[in-house]
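Visitor: One structure is given below, represented as structure tokens, and several questions about it will come after.
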Amino acid sequence: MTEQPDLARKGWMSLLAKAPAARLAELFPNLPPHDVLRAPECGAVMVQGRIGGTGAPFNLGEMTVTRCSVVLADGQVGHAWVQGRDKSHAQRAAVLDALLQSGAADAQLQVLDVLAAEAGLAKTARATKAAATKVDFFTMVRGED
């Protein structure tokens, strides 16, 4: 039973991290009162890859990330890691993480619904664009046995 909240949190943290920073700020403009536990700071993480998705891991390169941790007035702690150097994006995502964990998150769930719908549309658009370049190969029978 304890896995379900963790799975839900993993999903919203992923959605918040991947959301465009400007869109997240537009959907959730006013941050509630909070204290910063770990100020937004930029750093780098090593990204690993695998050949064929199953081979031995290898270091692909570094990626810039920004992390932040906040605590709300009720004591709920939120964390965020986002790609890039946008400190306000990391702080906003951390505050939303804390609010979503607190249970009283109706407005925040609406933000997640909008972000999820937009991410789905973007994924469909990318898939449609990629499908337009797909080449179907076929083999013609040459008449030989």
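The values are calculated or read from the model by the stated rules, or taken from the named source; none is laboratory data. Keep in mind that what you see is a predicted model, and the values were worked out from it rather than measured. A quick note on method: Cβ atoms are made from the backbone with ideal geometry, for glycine too, and the neighbour counts reach across all protein chains shown.
Visitor: Hey, could you check the stretch 58-70 for residues that are within 16 Å of residue 90 (Cβ to Cβ) and not hydroxyl-bearing (Ser, Thr, Tyr) and say which is surrounded by the most Cβ atoms within 10 Å (Cβ to Cβ)? Quick ask: steps written out before the conclusion?
Guide: Initially, the stretch 58-70 is screened for residues within 16 Å of residue 90 (Cβ to Cβ), giving 63-70.
So of that shortlist, the ones also not hydroxyl-bearing (Ser, Thr, Tyr) come out as 63, 65, 67-68, 70.
Numbers: 63: 12, 65: 18, 67: 19, 68: 25, 70: 28.
Per the stated criteria, the residue is 70.
Visitor: Identify, from the list 75, 55, 103, 43, the residue that is modelled with pLDDT of 95 or more and exposed (fewer than 14 other Cβ atoms within 10 Å of the Cβ). Don't jump to the end; show me each part of the working.
Guide: Numbers: 75 fails: modelled with pLDDT of 95 or more; 55 fails: modelled with pLDDT of 95 or more; 103 fails: modelled with pLDDT of 95 or more.
Answer to the selection: 43.
Visitor: Within the set of pairs 6+ apart or on separate chains, which have a first residue in the stretch 111-124 that is under 17 Å from residue 22 (Cβ atoms) and modelled with pLDDT of 85 or more, a second that is of a type in the set (D, E, K, R) and in a helix (DSSP H, G or I), and C-beta atoms under 8 Å apart?
Guide: 115/23; 118/23; 119/18
Visitor: To continue, here is another question. Within the stretch 43-91, which residues are among the polar types (S, T, N, Q) and out of contact with any helix residue (DSSP H, G or I) (no Cβ under 9 Å at 6 or more places or on another chain)? Before you say what the answer is, go through the steps one by one.
Guide: Going through the stretch 43-91, the residues among the polar types (S, T, N, Q) turn out to be 48, 54, 59, 64, 66, 69, 76, 83, 88, 91.
Hits for the stretch 43-91 are 48, 54, 59, 64, 91.
Visitor: Could you please find all residues in the stretch 14-40 being without any contact (Cβ under 8 Å) to a residue 24 or more places away in the chain and loosely packed, with under 12 Cβ neighbours inside 10 Å?
Guide: Of the residues in the stretch 14-40, the ones without any contact (Cβ under 8 Å) to a residue 24 or more places away in the chain are 14, 20, 22, 26, 29-30.
Answer for the stretch 14-40, where residues must be without any contact (Cβ under 8 Å) to a residue 24 or more places away in the chain and loosely packed, with under 12 Cβ neighbours inside 10 Å: 14, 22, 26, 29, 30.
Visitor: In this structure, is residue 124 of a type in the set (S, T, N, Q) and not in a loop (DSSP other than H, G, I, E, B)?
Guide: Working: of a type in the set (S, T, N, Q): yes; not in a loop (DSSP other than H, G, I, E, B): yes.
When the stated conditions are applied, residue 124 passes them.
Visitor: Give 97, 86, 106, 74 a once-over and let me know the one that is within 14 Å of residue 23 (Cα to Cα) and of a type in the set (Asp, Glu). It would help to see each step written out before you state the result.
Guide: Values: 97 fails: within 14 Å of residue 23 (Cα to Cα); 106 fails: within 14 Å of residue 23 (Cα to Cα); 74 fails: within 14 Å of residue 23 (Cα to Cα).
Of the residues listed, the single one that is within 14 Å of residue 23 (Cα to Cα) and of a type in the set (Asp, Glu) is 86.
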